[in-house]
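The values are calculated or read from the model by the stated rules, or taken from the named source; none is laboratory data. Since the model is a prediction, treat every value here as computed from it, not as a measurement. Virtual Cβ from ideal backbone geometry, glycine too; neighbours counted across all protein chains shown. Just so you know, the surface numbers come from the protein's heavy atoms only, side chains and all, with ligands and any DNA or RNA stripped out. Shrake-Rupley method; radii C 1.70, N 1.55, O 1.52, S 1.80 Å.
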Amino acid sequence: MVAINDKKKSNGRLVAMGCTYEPWIALLEQAGWKTHCCYDLRTADVILKEYSPCVCIVDLSNNDFSLNSISQRANKTKHVKWIAIIKKEQLKIDAICQFINNFCVDFFSTPIPSSQLLDTAGHQLGMLEIESTSWVDVNHQCEVGLYGESKSIKHLRDMVKRVSMTDVNILLSGEQGVGKALIAKTIHNLSKRRNDDFTIINCSSLSDSDQRTHFLDPQQDMNFSGTIKSGTVLFNGVEELSKPLQLKLRNYLQQPENEKLNDQRYFDVRIITSSSVDLEQAVKNGTFNKELYYRLNVFHVAVPTLRERGADIILLAEYYLKKFSTEYSTRAMHYSEDAKQLLLRYNWPGNVRELINQVKRVSLLNDSNEVNLEHFDLPKKINSKLSLRTIKDEAEKDVLVTMLETHKGQVASAAKDLGVSRATMYRLLNKHNIIPDVRYYNDGYAAE
């Protein structure tokens, strides 16, 4: 526990919402705390943002605030420790108990035991100081693929936070476009290697002699300029590794740490892998090394699809609309209700990458402040009277796009997988106006 007398050194900050100027506040200020009492929620929003990291004591005993409004603020704030003040009889109210359970580190009932409250506030300030050692400026959560309030994205954030400070191997799985490379970058930024390099290796374009993989073999000459010596390496699309490289990676992961030496130098490289296919099935099919799979799959993180994230679709769309409006100096700033409903109804087979491309398109093409239905290049409604031919064409197009994504834009390998000739594949691509761009699929962040 952190002693209150130490607060003069650490300059603790506390927000008291709905609290009158009581003796315990005076004691905190005497001990060196910077305090602010507020009774208006809008003012509280500004103060919490300014004071964070801080302790927030909210007085719920007089029912001056909407509990829902307080809950929304507690859910949004970062680096704030919440303490509730209530009347003893309020413990019989389910909503009060739920708020305390979900958002508060402690609570006190009136009359307030000043000494205990001071000790608790001091302890929580100490916890904030300890936690701050692992806080990393990663710009905006949206930029690292973790923006949103859906249950699935909150669970993903929790998993990323837990695994980032460890050294275990991580396997990221999920459909094309869900943001696996961005998640890997987040893990790197939150790890002890944050000041070292983060390297993406696209396995589909990797040759067996590629110098970027020389760190896997300590017997290799490590004087190549492109050799990775420390940091985090993401093997993007690990199922595309050749058999020799699978064995090389397996052997590297099997080595004791003290053997990963070369010319008295230690190569501290963390391995993260990503895949858009079922690697377990690939093992059964004999296309992926079984031992390597188990070495990589120490900690499995399944990245959710966009259609699993519900209202996050609107949050992401609004964020990127503002981002692109600023970047391209365009006027579009908000969506009509019809446009929002369209975004929510659409299935988003291309996930976040497809959403970003759509928002960029409407931002560039729209000359007004509002984005409407007609600005999107998406199906406006579902027609139950679609002809068999239309249904067949749409299904055919979806298969072609999926196969191109699976094979990173390589027409020949996609055609082979479909069981058609290359000439037939090109005919089908022309029919549906699909232009394969290998550079797009092999671009690190765009690909995932």
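Hey, could you check segment 213-253 for residues that are modelled with pLDDT of 90 or more, within 23 Å of ARG194 (Cβ to Cβ) and of a type in the set (S, T, N, Q) and say which is surrounded by the fewest Cβ atoms within 10 Å (Cβ to Cβ)?
So the residue we want is THR232.
Can you tell me which of SER384, SER368 is of a type in the set (Ser, Thr, Tyr), at pLDDT 80 or above, open to solvent by 40 Å² or more (accessible area, probe 1.4 Å) and part of a loop (DSSP other than H, G, I, E, B)?
Only one candidate qualifies: SER368.
Would you check which residues across segment 81-131 are open to solvent by less than 70 Å² (accessible area, probe 1.4 Å), in contact with a Ser or Thr (Cβ under 8 Å, 6 or more places away or on another chain) and touching a residue at least 60 places away in the same chain (Cβ under 8 Å) and list them?
ILE85, LEU125
State all residues of segment 254-263 that are polar (S, T, N, Q) and either open to solvent by less than 10 Å² (accessible area, probe 1.4 Å) or modelled with pLDDT under 65 (or both); if no residue qualifies, say none.
Filtering segment 254-263 for residues polar (S, T, N, Q) gives 254-255, 258, 262.
ASN258, ASN262, listed by residue number.
Select from segment 295-331 the residues that are assigned to a loop (DSSP other than H, G, I, E, B), over 14 Å from the mean Cα position of the chain (by Cα) and touching a residue at least 40 places away in the same chain (Cβ under 8 Å) and list them in ascending order. Spell out how you get there, then give the answer.
Initial filter on segment 295-331 (assigned to a loop (DSSP other than H, G, I, E, B)): 297-298, 303-305, 309-311, 329-331.
Retained after the next criterion (residues that are over 14 Å from the mean Cα position of the chain (by Cα)): 297-298, 310-311, 329-331.
Passing the criteria: ASN297, VAL298, GLY310, ALA311.
If I filter segment 318-329 for residues that are within 30 Å of TYR252 (Cα to Cα) and surrounded by fewer than 17 Cβ atoms within 10 Å (Cβ to Cβ), do I get at least one hit? Lay out the reasoning, then the answer.
Going through segment 318-329, the residues within 30 Å of TYR252 (Cα to Cα) turn out to be none.
There is no residue in segment 318-329 that is within 30 Å of TYR252 (Cα to Cα) and surrounded by fewer than 17 Cβ atoms within 10 Å (Cβ to Cβ).
Counting only residues that are in a loop (DSSP other than H, G, I, E, B), of a type outside the set (Phe, Trp, Tyr) and either without any contact (Cβ under 8 Å) to a residue 12 or more places away in the chain or within 17 Å of ASP312 (Cα to Cα) (or both), how many does segment 141-165 have? Outline the logic, then answer.
Within segment 141-165, the subset in a loop (DSSP other than H, G, I, E, B) is 145-150, 165.
Narrowing the set further to residues that are of a type outside the set (Phe, Trp, Tyr) leaves 145-146, 148-150, 165.
Filter once more, keeping what is either without any contact (Cβ under 8 Å) to a residue 12 or more places away in the chain or within 17 Å of ASP312 (Cα to Cα) (or both): 145-146, 148-150.
Within segment 141-165, residues that are in a loop (DSSP other than H, G, I, E, B), of a type outside the set (Phe, Trp, Tyr) and either without any contact (Cβ under 8 Å) to a residue 12 or more places away in the chain or within 17 Å of ASP312 (Cα to Cα) (or both) number 5.
Among the residues of segment 296-316 satisfying the criterion of being of a type outside the set (D, E, K, R) and in contact with a Ser or Thr (Cβ under 6 Å, 6 or more places away or on another chain), which is surrounded by the most Cβ atoms within 10 Å (Cβ to Cβ)?
The first filter runs over segment 296-316 and keeps only residues of a type outside the set (D, E, K, R), leaving 296-306, 310-311, 313-316.
Restricting the remaining residues to those that are in contact with a Ser or Thr (Cβ under 6 Å, 6 or more places away or on another chain) gives 296, 302, 304, 310.
Values: LEU296: 24, ALA302: 14, PRO304: 20, GLY310: 16.
Step by step, filter segment 296-316, then rank; the result is LEU296.
Counting only residues that are out of contact with any Phe, Trp or Tyr (no Cβ under 7 Å at 6 or more places or on another chain) and part of a loop (DSSP other than H, G, I, E, B), which one in segment 264-294 is modelled with the lowest pLDDT?
GLN264
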